[in-house]
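Undergrad: Got a structure for you, written out below as structure tokens; questions coming shortly.
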Amino acid sequence: MDAARKALAGAEVEAKKNNWPVAIAVVDSSGKLAAFSKKDNTQHASVDSAIGKAVTANNLKRPNKALQDGTAQGVVDLRILGQPGITPLEGGVPIVVDGKIIGAIGVSGVMSNQDSEVAMTGAAAAK
């Protein structure tokens, strides 16, 4: 829980610094929501998207950008997109502490690379 709070706080600082209206979701290692926040004026669809990005990063144990890039190039078997818990959009990253993935953070609300920037800042803050 401490790592989830740190990740959320770090991501919120980055979003506030850039004035980005985002939803931020942190999941534990089982993919269940552990912490969440949403800035004012964040689009409603970003709530589910942020949670989905976090779950995907946790379940696949890698940043969502790898899945997004792979599907765009056609090198990933697209049947994976039909699986529950898969959101192939940049903005989700695992949270690694002491070499172990303890969960993940997902961000949604601005451009995907900006979502990812906020998520990476949050994940780094959890350490």
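Undergrad: Using only Cα atoms, what Kirkwood radius does the chain have, in angstroms?
TA: 13.8
Undergrad: Of Leu81, Leu8, how do they rank once you tally other Cβ atoms within 10 Å and put the fewest first? List each step's numbers first, then the result.
TA: Numbers: Leu81 12, Leu8 21.
Starting with the residue having the fewest Cβ neighbours, the order is Leu81, Leu8.
Undergrad: Now for a separate question. If you count, for each residue, the other Cβ atoms within 10 Å and average over each peptide, how do 19-28, 57-66 line up from highest to lowest? Before the final figure, lay out the partial values.
TA: Working: 19-28: 23.4, 57-66: 20.5.
Packing order, densest peptide first, comes out as 19-28, 57-66.
Undergrad: If you place +1 on the Cβ of every Lys and Arg, -1 on the Cβ of every Asp and Glu, and leave all else neutral, what size is the dipole of the stretch 2-125 about its Cα centre, to the nearest 20 Debye?
TA: Dipole size: approximately 140 debye.
Undergrad: Just how many pairs of Lys in the chain have C-alpha atoms closer than 15 Å, counting pairs that are eight or more places apart or on different chains?
TA: 12
Undergrad: If R0 is 25 Å, what FRET efficiency do you get for Ser29 and Ser112 from their C-beta distance, rounded to 0.05? List each step's numbers first, then the result.
TA: Details: r = 24 Å, r/R0 = 0.98.
E(calc), rounded to 0.05, equals 0.55.
Taken together, the values in this text are just the output of simple stated rules run on the coordinates, not laboratory data. A quick note: this is a predicted structure, and the numbers were derived from the prediction, not measured. With ideal geometry, Cβ positions are generated from the backbone for all residues, glycine too; neighbour counts draw on all protein chains shown.
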